[in-house]
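All remarks here apply to the structure that follows.
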Amino acid sequence: MRLSRYFLPILRETPKEAEIVSHRLMLRAGMLRQESAGIYAWLPLGKRVLDKVCAIVREEQNRAGAIELLMPTIQGADLWRESGRYDDYGKEMLRIRDRHERDMLFGPTNEEMVTEIFRAYVRSYRDLPLNLYHIQWKFRDEVRPRFGVMRSREFLMKDAYSFDLDADSARHAYNRMFVAYLRTFERMGLRAIPMVADTGPIGGKLSHEFIILASTGESEVFCHQDFLTKPIPDEDVDFEDRAGLQSLVDDWTSSYAATSEMHDEAAFGAIPAEQQLSARGIEVGHIFYFGTKYSAPMRANVTGPDGQDAPVHMGSYGIGPSRLVAAIIEAGHDDNGIVWPDAVAPFSVGLANLKAGDSAVDTACEDLYAKLNAAGKDVLYDDTDERPGSKFATMDLIGLPWQLVVGPKGLASGTVELKRRATGERETLSAESALARLT
Ligand code: ATP
Ligand code: MG
Ligand code: MG
Ligand code: MG
């Protein structure tokens, strides 16, 4: 992408309305624009990051055996009357009436709808296990939308729903998602700690929130500091191996970790004081096992091997990709701007032409740009005639992992400069060596 033809509305001033660093940086870096309270347009740079986050989420869901579909944002109220949640959900639900006076709503979550889809097609235990997920916009009329996309009213959610014959198989489904979540957040450069959590309006007993520690987090959390260094299950973990997954999850839940709603002072106190961690955190994911809470009232039954019909056992599993973009910035930034982990960076390389219009510099840049593109790299080529200082400031602000700087002085001696955003390390080398390093 050539910056001269891109849409990157950088703000030089710090927006006053933004209270936390991720919100400030997302506005300044031209990722986001507020359209109404808690409702945002994702500008091109932000959209690229959101897509990368979703791609990781999707890969790990698929790896764990979940199957993607896409349900609508607008739902009929009748489904929610069947489960009994239409009245219970309260003011967070945005209720809509269509031209025929039918009650509709903008989905805050999809347990009812997915249960309706399931019961329309699935009758037998032979079709189980099943886990269906989608990545779709949700709306919750939050009392206090704030911190940009961290707590917005319209937000993106990956929500998966598992269906199993009995509680044991449902536990396996839960464990699959538990492990998939550990991997998902790790791949984004985040350390998310699974904590015993309250189930809220989703219901059920077994539940973990995945929490990233951050001083700006809205949750108060308590855990053993072991969680900060525990190794994450690797890519070839066998999701079919029930016993293996259970022992992985047992291991990850053997130390104390809980949110304030579920906090047990005595259990926490049993941890040696120097290993206690009491901090603030951001909820980036939440998994639930709630059994037959929806399938029983909605009559989503399956016939078991014994010929008996029984309501299917369900769980649901949420991740907030839009909140994650902000959480990744909370975890990775410095005074100059965002520091993206490679896996979610909007572009992997920023190529800065320090003297646009100078034919030697232009030629060298065009050559590097073409070769990097050919190697499949996402490159933002700053071909504008801004001053070098302003180009560096922009590159730092938008946080691209690598900056490749080409200027007339260096070129005269056959070199370019390569800078690693995360460490600030700079290296002077030939264009060929720089290419070799980046591809
Ligand atoms: P919170 O406690 O922050 O209000 P929640 O517990 O209500 O979140 P869940 O119903 O568990 O949220 O939804 C699953 C995920 O969706 C959350 O873990 C979070 O990542 C994301 N999410 C929920 N509400 C919002 C919001 N208002 N803005 C952005 N992301 C959200
Ligand atoms: Mg909430
Ligand atoms: Mg919560
Ligand atoms: Mg939650």
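The values are calculated or read from the model by the stated rules, or taken from the named source; none is laboratory data. Only a predicted model underlies this, so the values are computations on that prediction, with no experimental measurement involved. Cβ sites come from the backbone with ideal geometry, for glycine too, and all protein chains shown count toward neighbours.
Residues are listed down the side, and each one gets a yes or a no for (1) more than 19 Å from the chain's Cα centre (by Cα); (2) under 23 Å from GLU218 (Cβ atoms); (3) within 15 Å of ligand 3 (Cβ to nearest atom); (4) basic (Lys, Arg):
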site	(1), (2), (3), (4)
ASP141	yes, yes, no, no
ARG151	no, yes, yes, yes
GLU154	no, yes, no, no
TYR161	no, no, no, no
ALA167	yes, no, no, no
THR184	no, yes, no, no
GLY189	no, yes, no, no
ALA192	no, yes, yes, no
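Listed by position, the helices (runs of 4 or more DSSP H) contained in the range 22-108 that have at least 3 residues being under 30 Å from GLY244 (Cβ atoms) are 44-63.
Would you check if ASP234 is more than 25 Å from ALA273 (Cα to Cα), more than 16 Å from ligand 3 (Cβ to nearest atom), exposed (fewer than 12 other Cβ atoms within 10 Å of the Cβ) and within 21 Å of the chain's Cα centre (by Cα)? The answer is yes for ASP234. If you go through the range 159-200 and pick out every residue that is within 16 Å of ligand 2 (Cβ to nearest atom) and assigned to a strand (DSSP E or B), you end up with 2. Contact map, the range 202-223: first residue free of Cβ contacts under 8 Å to residues at least 60 places away in the same chain and over 28 Å from GLY84 (Cα atoms), second residue within 13 Å of ligand 4 (Cβ to nearest atom) and hydrophobic (A, V, I, L, M, F, W, C), Cβ cut-off under 7 Å, separation 6 or more or different chains; pairs are CYS223/MET195.
Consider the range 379-426 and keep the residues that are of a type in the set (Ser, Thr, Tyr) and closer than 14 Å to CYS365 by Cα. The one that is surrounded by the most Cβ atoms within 10 Å (Cβ to Cβ) is TYR381.
Looking at the range 213-220, can you tell me whether even one residue there is in contact with a Leu (Cβ under 9 Å, 6 or more places away or on another chain) and at negative phi? There is at least one residue in the range 213-220 that is in contact with a Leu (Cβ under 9 Å, 6 or more places away or on another chain) and at negative phi.
Considering the conditions (1) under 31 Å from the mean Cα position of the chain (by Cα); (2) surrounded by 17 or more Cβ atoms within 10 Å (Cβ to Cβ), VAL302 is excluded by exactly one of them, (1). The set of residues in the range 118-150 being outside any helix (DSSP H, G or I), among the basic types (Lys, Arg) and closer than 30 Å to ARG171 by Cα consists of ARG123, LYS138, ARG140. What is the residue count in the range 201-252 for residues that are farther than 28 Å from LYS91 by Cα, in a loop (DSSP other than H, G, I, E, B) and acidic (Asp, Glu)? The qualifying residues number 6. The one condition from (1) within 14 Å of ligand 1 (Cβ to nearest atom); (2) at pLDDT 95 or above; (3) in contact with a His (Cβ under 9 Å, 6 or more places away or on another chain) that ILE202 does not meet is (2).
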